Amino acid sequence: MSYTAAVVEGYSDVAPQVRRDGGVTTVDARGVYYRRVNETVRQAISDGATHLVLTGVNGQRYIGTGVSAHGVRIDVHGTAGNDLGMLMDGPMIEVFGNAQDGVGNTMNAGTIVVHGDAGDVLGYGMRGGHVYIRGDVGYRVGIHMKAYENLVPVLVCGGKARDFFGEYMAGGIAVLLGMNTQFPEEPVAGSFLGAGMHGGVIYVRGTVEPWRCGKEVGIFEATEEDMATLVPLLRDYCSAMGMDFDEVTSQPFTRLAPFSHRPYGKLYVPL
Amino acid sequence: MPGTYIQPEFRVKIDYDKCHKCGRCVQQCGWGVYSFNERPIPDDSKCRACHRCVTFCPAHCITIEKNALAYKDNDNWTVDARKAIWRQAETGGVLLTSMGNPRPYPRIFDHLLLDACQVTNPSIDPLREPMELRTYLGRKPDAVSVEADGAGGYRLAPNGGMTANIQLDAPIIFSPMSYGSVSLNVHKSLAMAAQRLGTLMNTGEGGLHADLYPYQDRVIVQVASGRFGVDPEYLGRGAAIEIKIGQGAKPGIGGHLPGEKIDKEVSSTRMIPQGTDAISPAPHHDIYSIEDLRQLIYALKEASGYKPVGVKIAAVHNVAAIASGIVRAGADYIYLDGFRGGTGAAPQVIRDHIGIPIEVAIAVVDQRLRDEGIRNHASIVAAGSIRSSADAAKAIALGADVVAIGSAALMALGCHLCQSCHTGCCSWGLTTQKPELTRRLDPEWGAERLVNLVSAWSHEIQEILGALGVNAIESLRGSRERLRSVGLDAQMNAVLGVKPVGM
């Protein structure tokens, strides 16, 4: 029976080649439609695979999206497409390359490490877990991050961010280092930093110009108490990225925190 | 200076000759109208005309009247306009209100009349003949493949092209109202009724409380811009997933559930801290285009094992083109909410002045999807003040598959439309989280009332279908030939695709 693979959105609509080698399941995603790649990943996890390696990834979306599993590791070689680890609950994803928009979107738990840059709306509505980006990130990163009970999301970006970093932030910890950047002449963050923020905390290595911050945000020098929170996170980040912890902490940090949990409490009047 | 220029809207009259002095009115009022000093003494300024005290007064001695206070006549500067200015001059705030747009814009449903059979074709008696209301919510394929069933017939082939649809025993579902805006007992009433009726309730954007898990096969779980309570488990439990883009009462704006309404239970269902404002951003910040919407639709499908995903939008000026984009983005149904749709809280200026009527939205969306040959790709759910079975039938004749009811459902549970949901003091225990008020609604009783309402409307729709001489709701869907308009201009008739009476 002859069979010609259908082409969907530029990818082949076929099951990817899978190789099992000891405890490692390698999925060759090169040119394969995202749906088939992700089906294979989910099936492998439900069959008990704990270490998956995706090779040849080039823009496939939704890798790790909606996967609820603990003790599972997914290595991504190439460029991860949009919504990497969206709604993810547990796994660890490490991307050896860049990631596109929507990394960690509405994520619950797990870890995403990107050894490169990432795009817009990173960590949107993230409720828990860790996202570590080596380089620069796009617009509206950390938007509406929340925290709930023992879930406290952590986002660390080694490079610089565009506008609206931490917008509407309601919980969690977002850290901006400004170090591994392609844009040395740019400020560490764009404008409207923390606009509408009503919970959580943003730490910036170095200082920020007050005019770049949302009016809901207070700007403080990081205290010893802040550093007690930051140091373990930064150690973990440095070990994930192979960066020098002493260099990262060689500059003081600035803490941005909201004035109120109810920024719009007085805006409305009942009729 | 006086505290306010605004005089009470109502007068609470008590016939003290009949009054038992039992104090029940004091206890029943959620707004604290009554104090008690040997007999109940009302403060008119707090009255919302919700009739809770009137209903529960054992002596039937309370009545509520409009304050007859005369204002100098002025058709331009209405009394409401004057009061709004005084209120804003006092406070500097955005005026907040609730329920649907009450202004006297034309009500198109009231200008549409249905047909009936006389002589030349027989009408059908639905009491004694089959009359099908069953409706399937979801995408219908362009074609299916079949295989022989081995008994001389055919059946749908495996992977024959059919995607997941949800069977509804009546073309009426409950519209999204979040736990937080309404009480948990309201959610339970809706869920129990949906299960008994074979229809659906909708979580709104406030998450799914664990008490509703037994009814999850009859629950649409909503994903709004705040992503409250949205995790893989939530998506896994729902029968369908709905992306909320907009709401008829407040198109284009976000929402704030005030911190004081976020108690322990609401907090755990939304998965946010107690006492913090629950802020829903105006847009989903991962959706700035139809392509982005497609991305979220398929993200939710990927995360849920390819459940039906619908998209709810407010009916706005360009709704037909937007709907076409939504259907092409892969939505299994599109939920259109007209400008009279209800809300638990919205700025009055938005509620009263933005959007278009649902009747127009249904007609233009249905027509556009037909013209483009994609009408079967998505069901149309229509909402935004469906007041009766007649409105439902007219909506379906204009092109909807299903109607959704929110305000009507709340009225079944006791709502008297006092438009004060945003105060959180609902005397009927519906739009409040105060335990002494929420316990007033027994979910079992509430479910029974909702089942009664939808059953009654279903019977009435069957009667309408019988009169039209058709035996299935499918035969009415988009059958605008069975509608005529009265009192609408030619341009509006053309927009609706409806002929005037007499033609």
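Applying the set (1) open to solvent by less than 10 Å² (accessible area, probe 1.4 Å); (2) within 14 Å of chain B (Cβ to nearest Cβ) to A:ASP163 leaves exactly one unmet item: (1).
Quick one: which residue in B:THR97, B:THR63 is within 27 Å of the chain's Cα centre (by Cα) and of a type in the set (S, T, N, Q)?
Details: B:THR63 fails: within 27 Å of the chain's Cα centre (by Cα).
Criteria check complete, one pass: B:THR97.
Being touching a strand residue (DSSP E or B) at 6+ places or on another chain (Cβ under 6 Å), among the small types (Gly, Ala, Ser) and within 14 Å of chain A (Cβ to nearest Cβ), is that true of even one residue in segment B:178-196? Within segment B:178-196, not a single residue is touching a strand residue (DSSP E or B) at 6+ places or on another chain (Cβ under 6 Å), among the small types (Gly, Ala, Ser) and within 14 Å of chain A (Cβ to nearest Cβ).
Results for (1) touching a strand residue (DSSP E or B) at 6+ places or on another chain (Cβ under 7 Å); (2) closer than 20 Å to B:LEU417 by Cα; (3) not in a helix (DSSP H, G or I), shown as yes or no for each residue.
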site: B:PRO8; (1), (2), (3): no, yes, yes
site: B:ARG11; (1), (2), (3): yes, yes, yes
site: B:GLY32; (1), (2), (3): no, yes, yes
site: B:SER35; (1), (2), (3): yes, no, yes
site: B:CYS50; (1), (2), (3): no, yes, yes
site: B:GLU65; (1), (2), (3): yes, yes, yes
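Kindly establish whether B:TRP86 is within 14 Å of chain A (Cβ to nearest Cβ) and modelled with pLDDT of 95 or more.
On the way: within 14 Å of chain A (Cβ to nearest Cβ): yes; modelled with pLDDT of 95 or more: yes.
Yes: the conditions hold for B:TRP86.
Taking the criterion of being of a type outside the set (S, T, N, Q), surrounded by 16 or more Cβ atoms within 10 Å (Cβ to Cβ) and more than 13 Å from chain A (Cβ to nearest Cβ), the only residue of segment B:89-103 that qualifies is B:GLY100. Could you tell me whether segment B:403-426 includes any residue that is within 14 Å of another protein chain (Cβ to nearest Cβ), open to solvent by 10 Å² or more (accessible area, probe 1.4 Å) and under 23 Å from B:ILE108 (Cα atoms)? Yes, that holds for at least one residue. With a requirement of 2 or more residues that are at pLDDT below 95 and in contact with a His (Cβ under 8 Å, 6 or more places away or on another chain), the helices (runs of 4 or more DSSP H) lying completely within segment B:263-355 that satisfy it span B:264-270. Checking the conditions here, which among B:TYR298, B:TYR306 is more than 23 Å from A:VAL141 (Cβ to Cβ), within 11 Å of chain A (Cβ to nearest Cβ) and over 24 Å from the mean Cα position of the chain (by Cα)? Answer to the check: B:TYR306. Within segment B:238-256, the set of residues being at pLDDT below 90 and open to solvent by less than 20 Å² (accessible area, probe 1.4 Å) comprises B:GLY255 only.
Please specify each residue of segment A:161-170 satisfying the condition of being at pLDDT 95 or above and not in a loop (DSSP other than H, G, I, E, B). If the condition is that a residue be at pLDDT 95 or above and not in a loop (DSSP other than H, G, I, E, B), then A:ALA161 is the only one that fits.
Looking at segment B:449-503, which of its residues are closer than 20 Å to B:LEU369 by Cβ, under 22 Å from the mean Cα position of the chain (by Cα) and open to solvent by 20 Å² or more (accessible area, probe 1.4 Å)? Selection gives B:ARG477 alone. For segment A:40-51, the count of residues that are acidic (Asp, Glu) and farther than 21 Å from B:TYR306 by Cα is zero.
Scanning segment B:54-63 for any residue that is more than 14 Å from chain A (Cβ to nearest Cβ) and assigned to a strand (DSSP E or B) turns up at least one such residue.
Could you tell me whether A:SER68 is within 13 Å of another protein chain (Cβ to nearest Cβ) and free of Cβ contacts under 8 Å to residues at least 12 places away in the same chain?
Details: within 13 Å of another protein chain (Cβ to nearest Cβ): yes; free of Cβ contacts under 8 Å to residues at least 12 places away in the same chain: no.
When the stated conditions are applied, A:SER68 does not pass them.
Being under 27 Å from B:ALA383 (Cβ atoms), touching a residue at least 60 places away in the same chain (Cβ under 8 Å), among the aliphatic types (A, V, I, L, M) and surrounded by fewer than 23 Cβ atoms within 10 Å (Cβ to Cβ) holds for only one residue in B:LEU208, B:LEU190, B:LEU133, B:LEU200, and it is B:LEU133.
Cβ-Cβ distances below 9 Å connect no pair with a first residue in segment A:6-29 that is assigned by TED's automatic domain parsing to the domain that holds A:HIS77 and touching a residue at least 60 places away in the same chain (Cβ under 8 Å), a second residue that is of a type in the set (Val, Ile, Thr) and part of a loop (DSSP other than H, G, I, E, B), and a separation of six or more residues or different chains. Scanning segment B:136-156 for residues that are without any contact (Cβ under 8 Å) to a residue 12 or more places away in the chain and open to solvent by 70 Å² or more (accessible area, probe 1.4 Å) turns up B:GLY150, B:ALA151, B:GLY152, B:TYR154, B:ARG155. Considered as a group, the residues in segment B:211-237 that are away from chain A (no Cβ under 13 Å) and open to solvent by less than 20 Å² (accessible area, probe 1.4 Å) include one that is farthest from A:MET86 (Cα to Cα), and that residue is B:LEU212. Criterion applied to B:ASP73, B:ASP80 was being under 35 Å from the mean Cα position of the chain (by Cα), closer than 30 Å to B:ILE350 by Cβ and either open to solvent by 70 Å² or more (accessible area, probe 1.4 Å) or at pLDDT below 95 (or both), and the one residue passing it is B:ASP80. Based on what the data block shows, is B:HIS353 open to solvent by 10 Å² or more (accessible area, probe 1.4 Å) and free of Cβ contacts under 8 Å to residues at least 24 places away in the same chain? Yes: the conditions hold for B:HIS353. For segment B:450-503, a residue qualifies if it is in contact (Cβ under 8 Å) with a residue 24 or more places away in the chain and hydroxyl-bearing (Ser, Thr, Tyr), and the qualifying residues are B:SER455, B:SER458, B:SER479, B:SER485.
When the residues of segment A:138-160 are filtered to those that are open to solvent by 10 Å² or more (accessible area, probe 1.4 Å) and either among the β-branched types (Val, Ile, Thr) or assigned to a strand (DSSP E or B) (or both), the one that is nearest to the other protein chains (Cβ to nearest Cβ) is A:TYR148.
Does segment A:27-42 contain at least one residue that is open to solvent by 20 Å² or more (accessible area, probe 1.4 Å) and in a strand (DSSP E or B)? Yes, some residue in segment A:27-42 is open to solvent by 20 Å² or more (accessible area, probe 1.4 Å) and in a strand (DSSP E or B).
Would you confirm whether or not segment A:65-83 contains a residue that is surrounded by fewer than 24 Cβ atoms within 10 Å (Cβ to Cβ), within 18 Å of B:GLY226 (Cβ to Cβ) and not hydrophobic (A, V, I, L, M, F, W, C)? Reasoning before the result, please.
Here is the first cut: in segment A:65-83, the residues surrounded by fewer than 24 Cβ atoms within 10 Å (Cβ to Cβ) are A:68-73, A:75, A:77-79, A:81.
Pick out the ones that are also within 18 Å of B:GLY226 (Cβ to Cβ) and you get none.
No, there is no match, as no residue in segment A:65-83 is surrounded by fewer than 24 Cβ atoms within 10 Å (Cβ to Cβ), within 18 Å of B:GLY226 (Cβ to Cβ) and not hydrophobic (A, V, I, L, M, F, W, C).
The criterion of at least 2 residues that are away from chain B (no Cβ under 14 Å) and open to solvent by less than 70 Å² (accessible area, probe 1.4 Å) is met, among strands (runs of 3 or more DSSP E) falling completely within segment A:193-271, by A:199-205, A:217-221, A:253-258. Going through segment A:96-110 one residue at a time, which ones are in contact (Cβ under 8 Å) with a residue 24 or more places away in the chain and outside any loop (DSSP other than H, G, I, E, B)? Passing the criteria: A:ALA99, A:ALA109, A:GLY110.
The values are calculated or read from the model by the stated rules, or taken from the named source; none is laboratory data. This structure is a prediction, so every number in the text was calculated from the model and none was measured. Cβ atoms come from the backbone with ideal geometry, glycine included; neighbour counts cover every protein chain shown. When the accessible area is computed, the model is the full protein with side chains, heavy atoms only, and any ligands, DNA or RNA have been set aside. Shrake-Rupley method; radii C 1.70, N 1.55, O 1.52, S 1.80 Å.
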